[in-house]
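The structure appears right after this line, and notes come after that.
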Amino acid sequence: YGYVRKIQEALPNHEVINRGISGNRTIDLMQRWQKDTLDLQPDFLSIFIGINEVWHYHYDQKVLTPRMFEDYYENLIKQVQYLLPNTKILLIEPFVFPIGVYQKSWDVELIEEQKIVKKLAKEFNTLYLPLQSILNDQLKRYSMADMAGDGVHPSDLGHEIIKDAILKVIKPVLGL
């Protein structure tokens, strides 16, 4: 019921498939990448991952360092670009608001991951969505809690903002 459903509603002539699983990290994507991505041979792929690496590290001591995050993420992109060279890719920057479950200690890893996603988008010539700054810009109109009550999970409004931002990037690529 989030931004993916909203994108499907906005693009009724396109099939939109959501393979995102709450709580997953890049290591989890690696384990299901063949079935959930490569086998589907998508025309367009968006990857929105990262906050769980930070959250799970600080809450559950499940270590996945920024370097590991980068290695796994890079591997995912390379597989798509090698096996599905016509697939367009959008990398979406992870975000967090300093409310709810957020802890100040997350900043070091999260900022590093945000830099990594931007770097990978440039290095692999993919589309890129700077989601943190997009959501921060919305603070002129809405509160953090309005967009993501716990700082991590978008509200319906948050999903609407994410949907609009993604459509702004992908519609020209889709020729819409």
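The values are calculated or read from the model by the stated rules, or taken from the named source; none is laboratory data. Because the structure is a prediction, the values reported are computed rather than measured. We place every Cβ from the backbone using ideal geometry, glycine too, and count neighbours over all the protein chains shown. Surface areas here come from the heavy atoms of the whole protein model, side chains and all, with no ligands, DNA or RNA. Shrake-Rupley method; radii C 1.70, N 1.55, O 1.52, S 1.80 Å.
Is the C-alpha gyration tensor of segment 102-170 telling us rounded, prolate or oblate? Criteria: a/c under 1.5 is rounded; beyond that, a/b larger than b/c is prolate, otherwise oblate.
In terms of gyration-tensor shape, oblate.
Output the DSSP H helices from the chain with an along-axis C-alpha extent of no less than 20 Å and a mean Kyte-Doolittle hydropathy no less than -0.5.
156-174
Tell me which chymotrypsin sites (Phe, Trp or Tyr not before Pro) from segment 121-176 have a DSSP coil assignment and no more than 16 other beta carbons within 10 Å of their own.
Details: sites: PHE124, TYR128, TYR142; in loops: PHE124, TYR142.
Within segment 121-176, the qualifying chymotrypsin sites (Phe, Trp or Tyr not before Pro) (loop, at most 16 other Cβ atoms within 10 Å) are PHE124, TYR142.
Suppose every Lys and Arg Cβ carries +1 and every Asp and Glu Cβ carries -1, with no other charges. What dipole size does the chain come out with about its Cα centre, to the nearest 20 debye?
300
Sorting TYR102, TYR73 by accessible area (1.4 Å probe), largest first, what list results?
The ordering from most to least exposed comes out as TYR102, TYR73.
With the other protein chains left in place, how much accessible area per residue, in square angstrom, belongs to segment 16-165 at a 1.4 angstrom probe?
52
How would THR65, THR26 line up by accessible area, probe 1.4 Å, largest first? The partial results should precede the final answer.
Working: THR65 55, THR26 0 Å².
Output order, biggest surface exposure first: THR65, THR26.
Separation of segment 111-176 and segment 85-103 by C-alpha centroid, Å?
Their Cα centres are 7 Å away from one another.
Taking 0.36 nm per residue of separation and subtracting the Cα-Cα distance, what length does fully extending LYS104 through GLN79 add? Before the final figure, lay out the partial values.
Working: separation 25, 0.36 × 25 = 9.00 nm, distance 3.44 nm.
This chain segment gains 5.6 nm when fully extended.
State whether the chain is rounded, prolate or oblate according to the following rule on the C-alpha gyration tensor (a ≥ b ≥ c being the square roots of its eigenvalues): a/c under 1.5 gives rounded; otherwise a/b larger than b/c gives prolate, and the remaining case gives oblate.
Oblate shape, in that a/c is at least 1.5 and b/c is the bigger or equal ratio.
Computing the accessible area with a 1.4 Å probe over protein heavy atoms, can you report the carbon and sulfur percentage for the chain?
Ligands and nucleic acids excluded, carbon and sulfur reach 51 percent.
Can you bin segment 131-176 into rounded, prolate or oblate? Criterion: square roots of the alpha carbon gyration tensor eigenvalues sorted a ≥ b ≥ c, rounded for a/c under 1.5, prolate for a/b above b/c, oblate for the rest.
prolate
How would LYS140, LYS118 line up by accessible area, probe 1.4 Å, largest first?
I get LYS140, LYS118, largest accessible area first.
Per residue of the chain, what 222 nm ellipticity follows from adding -39500 (n - 2.57) for every DSSP H run with n ≥ 4, rounded to the nearest 500? Could the numbers behind the result be given before it?
Values: 8 runs with 94 residues, N = 176.
The helix-only estimate for the chain comes to -16500 deg cm²/dmol at 222 nm.
So, taking all protein chains as they sit and a 1.4 Å probe, how much accessible area belongs to PHE95, in Å² rounded to tens?
It works out to around 10 Å².
Just need the relative contact order of segment 56-176 here, percent rounded to a whole number, with Cα pairs under 8 Å and 6+ apart.
Relative CO of segment 56-176 lands at 26 percent.
By how many nm would the segment from SER22 to PHE124 lengthen if fully extended, with 0.36 nm per residue of separation less the alpha-carbon distance?
34.1 nm
Roll a 1.4 Å probe over the protein heavy atoms and report the accessible area of LEU40 in Å², nearest 10.
70
Give me the accessible area of ILE161, 1.4 Å probe, in Å² rounded to the nearest 10.
20
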